[in-house]
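The values are calculated or read from the model by the stated rules, or taken from the named source; none is laboratory data. These figures come from a predicted structure and were not determined experimentally. Don't worry about glycine lacking a Cβ; one is built from the backbone with ideal geometry, like all the others, and counts go over all protein chains shown.
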Amino acid sequence: MELTFAAKEDVKDIVTIYNDAIMNTTATFDTKIKTEEEMLIWFHNHPELYPVIVSKENGIVTGYCSITQFKEKDAYKHTVELSVYIHPDHRRKGLAKALMVEMIETAKKLGHYTIISCITSGNEVSERLHEKLGYQKVGHFYKVGQKFNQWLDIVYYQLML
């Protein structure tokens, strides 16, 4: 496994991974698949201060982790929100942990102060992983999203850097 900053050429694999999450999981509240063009815009909205890191096997992206500014107002510029998605054929192999550890170190080097993760309640694997990495559960919002004909809760986890 190789971890590296994402390049424009990786977007084709990233969109495949993300679209699987849209169609088959509650890990994202997006409900409509994304085009490669839409994901290229997403990618270009990740400047050096808010990178995307990918894991690769034989040159193919197997997972990715990104950070974005938590909220748009300038005072939030060092509070970031983390997202991580793994290709379904590569889940439960430690990729999410490896990507998150790499992103935590990258965020520290970039001068960020805290990382927020928004997790769909009931995703125990993700919640346990965040806790193992030192995140603290800081909030729970009830029935804020609807997907697959069910109301979903979200929980917020925070890691102080």
Item to complete: Check 76, 64 and return the single one that is among the aromatic types (Phe, Trp, Tyr), out of contact with any Ser or Thr (no Cβ under 6 Å at 6 or more places or on another chain) and within 18 Å of residue 42 (Cα to Cα).
Response: 64
Response to the item:
Scanning region 131-160 for residues that are among the polar types (S, T, N, Q) and assigned to a strand (DSSP E or B), the one nearest to the chain's Cα centre (by Cα) turns out to be 158
Worksheet item: So which of 157, 142 ends up being out of contact with any Asp or Glu (no Cβ under 7 Å at 6 or more places or on another chain) and not small (Gly, Ala, Ser)?
Response: 157
Worksheet item: Restricting to region 1-17, what's the tally of residues that are farther than 17 Å from residue 58 by Cβ and under 15 Å from the mean Cα position of the chain (by Cα)?
Response: 3
Worksheet item: In this structure, does residue 3 turn out to be touching a residue at least 40 places away in the same chain (Cβ under 8 Å) and more than 21 Å from residue 148 (Cα to Cα)?
Response: yes
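For (1) modelled with pLDDT of 95 or more; (2) surrounded by fewer than 22 Cβ atoms within 10 Å (Cβ to Cβ); (3) among the charged types (D, E, K, R); (4) out of contact with any Phe, Trp or Tyr (no Cβ under 7 Å at 6 or more places or on another chain), each residue gets a yes or a no:
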{"residue": "55", "(1), (2), (3), (4)": "yes, no, no, yes"}
{"residue": "65", "(1), (2), (3), (4)": "yes, no, no, yes"}
{"residue": "71", "(1), (2), (3), (4)": "no, yes, yes, yes"}
{"residue": "76", "(1), (2), (3), (4)": "no, yes, no, no"}
{"residue": "107", "(1), (2), (3), (4)": "yes, no, no, yes"}
Practice prompt. From (1) among the hydrophobic types (A, V, I, L, M, F, W, C); (2) in a strand (DSSP E or B); (3) within 17 Å of the chain's Cα centre (by Cα); (4) over 23 Å from residue 11 (Cβ atoms), pick out the condition that doesn't hold for residue 118.
Written response: (4)
Practice prompt. Could you identify the single residue in 92, 128 that is in a loop (DSSP other than H, G, I, E, B) and either loosely packed, with under 13 Cβ neighbours inside 10 Å or of a type in the set (Phe, Trp, Tyr) (or both)?
Written response: 92
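Let's see how each residue does on (1) free of Cβ contacts under 8 Å to residues at least 40 places away in the same chain; (2) small (Gly, Ala, Ser); (3) under 17 Å from residue 27 (Cα atoms):
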{"site": "62", "(1), (2), (3)": "no, no, yes"}
{"site": "65", "(1), (2), (3)": "yes, no, yes"}
{"site": "72", "(1), (2), (3)": "yes, no, no"}
{"site": "112", "(1), (2), (3)": "no, no, no"}
{"site": "134", "(1), (2), (3)": "yes, yes, no"}
{"site": "138", "(1), (2), (3)": "yes, no, no"}
{"site": "143", "(1), (2), (3)": "yes, no, yes"}
{"site": "149", "(1), (2), (3)": "yes, no, yes"}
Worksheet item: Do you know which of the residues in region 18-43 that are in a loop (DSSP other than H, G, I, E, B) and of a type in the set (A, V, I, L, M) is modelled with the highest pLDDT?
Response: 33
Practice prompt. Scan region 98-110 for residues that are free of Cβ contacts under 8 Å to residues at least 40 places away in the same chain and farther than 22 Å from residue 61 by Cα and report the count.
Written response: 1
Worksheet entry | Members of region 114-124 found to be in contact (Cβ under 8 Å) with a residue 12 or more places away in the chain and either more than 17 Å from residue 79 (Cβ to Cβ) or among the aliphatic types (A, V, I, L, M) (or both), listed by number | 115, 116, 119, 120, 121, 122, 123
